[in-house]
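Just below is one structure, and these are the notes that go with it.
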Amino acid sequence: MLRREIYNSITESFNSSFSWLGSQYASMFLESTASWNIQTYSQAPFRIRKHIMLSWGHGLYKTTLLMAGYKLLGRELCTTMSDLSNAALRGTVEANQFVSPYTLKRPFAICTEFGQVSAGGDRSELVQKLLNVLEEGVVEVSLGKIAYLSKETRKKISEDWGLYFIDDNTFSYKTNWILMAATYNQKFLVDNALLSRFNLMYPKQKIDNALIKHVVNSGGFKPDEEVVHAFRKELMDNKPIDTNIKLPNEVYDGSPMNPRDCGDLLSTILCRSWWNVKTSKDEILQMIEETQRGKEEVWSSAEDKVFKAIEFESKTAQEIAKEIDISAKHVYNCLKKLGAYQVVSYSEEGDPSRKWRM
């Protein structure tokens, strides 16, 4: 089965089960999985790996989409966890047995709730290790318990898991591990350093009753088993590709772009090419715009959105609520915090209209 056929079939399966939201996720998922193969088997001068972060409200199919991806990857290629801990990145020792980090168990991991990375306590060590893993894939670990194991046991651990022991209780390792995660709260992304490691997904349309009806009536995610088998086989196939590509000159004529954004764009084009999906110049320029909108979306508070809605045009609270999709009560709270003022006008019939503006 050709890669493009696999790509099309998986995309259709997601669309059939989750409509437009599934199609949106499918492209990110397929690019992410291809990125592992390219990073592992091809010689690329920059990071190809594409980690995924789903970031939107409670109970709106984030975990469902992630677990549909797990169904495609299977337990041989993917691990799952409810949150991310230090043990997941550094491993541990239990009953005199080394338990490897999640980052070395399988190529992919799914974290259904990313919030624990920054929830409570001092998480600076965890965040720093995660930054290293997600970026260059190299991390140094200090694990006191491992020093109590025999020299022979540590040597065997080193051979089995590719660890380099710096001293009795400190080792380093390299991994091409890819993380697919979800969070409902932007504060869990901590800062721009962590956010920049992920390809952010937020719904391009409103998750409304029509989508919910579609998902409920779809009968669940049921990919073709032959396609699933072919998909896993292709991911593990050692076939290097040419990673030398050039971007259209128009990319550099637009808004300023940092090296990380440029690298991510190149990665996206390479991953699509791995699936034999061509990317036109117009599509490349659109990707840049969507990436910027995604970053603005995740960092925009309700007050930011209300301010933007009435910055140049007066609107009623109901109009604002409908435009930015929050409750009217929340709108009133934001208006109060922003110090917006009310403009009252009257119709020909004498009915008052109370609009707000900055």
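The values are calculated or read from the model by the stated rules, or taken from the named source; none is laboratory data. Source: prediction; values computed, not measured. Note that we place each Cβ from the backbone using ideal geometry, even for glycine, and neighbour counts take in every protein chain shown.
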If the requirement is being of a type outside the set (Ser, Thr, Tyr), on the phi > 0 side of the Ramachandran plot and modelled with pLDDT of 80 or more, which of these qualifies: 333, 276? 276
Which residues, taken from region 251-274, are of a type in the set (A, V, I, L, M) and either touching a strand residue (DSSP E or B) at 6+ places or on another chain (Cβ under 6 Å) or farther than 14 Å from residue 241 by Cα (or both)? 251, 257, 265
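Here's the yes/no breakdown for (1) polar (S, T, N, Q); (2) modelled with pLDDT of 95 or more; (3) under 30 Å from residue 213 (Cα atoms):
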site	(1), (2), (3)
7	no, yes, yes
29	no, yes, yes
36	no, yes, no
46	no, no, no
Answer with yes or no whether residue 221 is farther than 25 Å from residue 48 by Cβ, of a type in the set (A, V, I, L, M, F, W, C), in the same structural domain as residue 34 (by TED's automatic domain parsing) and buried (at least 17 other Cβ atoms within 10 Å of the Cβ). yes
Looking only at region 194-241, count every residue that is at negative phi and modelled with pLDDT under 90 and tell me the total. 15
Looking at region 79-117, which of its residues are more than 21 Å from residue 135 (Cβ to Cβ) and either at pLDDT 90 or above or of a type in the set (Gly, Ala, Ser) (or both)? 80, 82, 95, 115
Residues 165, 171: which one is surrounded by fewer than 17 Cβ atoms within 10 Å (Cβ to Cβ), in contact with a Phe, Trp or Tyr (Cβ under 7 Å, 6 or more places away or on another chain) and not in a loop (DSSP other than H, G, I, E, B)? 165
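Regarding residue 140, is this residue over 17 Å from the mean Cα position of the chain (by Cα) and touching a residue at least 12 places away in the same chain (Cβ under 8 Å)?
Spelling it out, residue 140 is indeed over 17 Å from the mean Cα position of the chain (by Cα) and touching a residue at least 12 places away in the same chain (Cβ under 8 Å).
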Scan region 65-72 and give yes if some residue there is at pLDDT below 95, surrounded by fewer than 17 Cβ atoms within 10 Å (Cβ to Cβ) and more than 15 Å from the chain's Cα centre (by Cα), otherwise no. no
Just one of (1) more than 20 Å from residue 68 (Cβ to Cβ); (2) of a type in the set (Lys, Arg); (3) in contact (Cβ under 8 Å) with a residue 24 or more places away in the chain trips up residue 246, so point out which. (3)
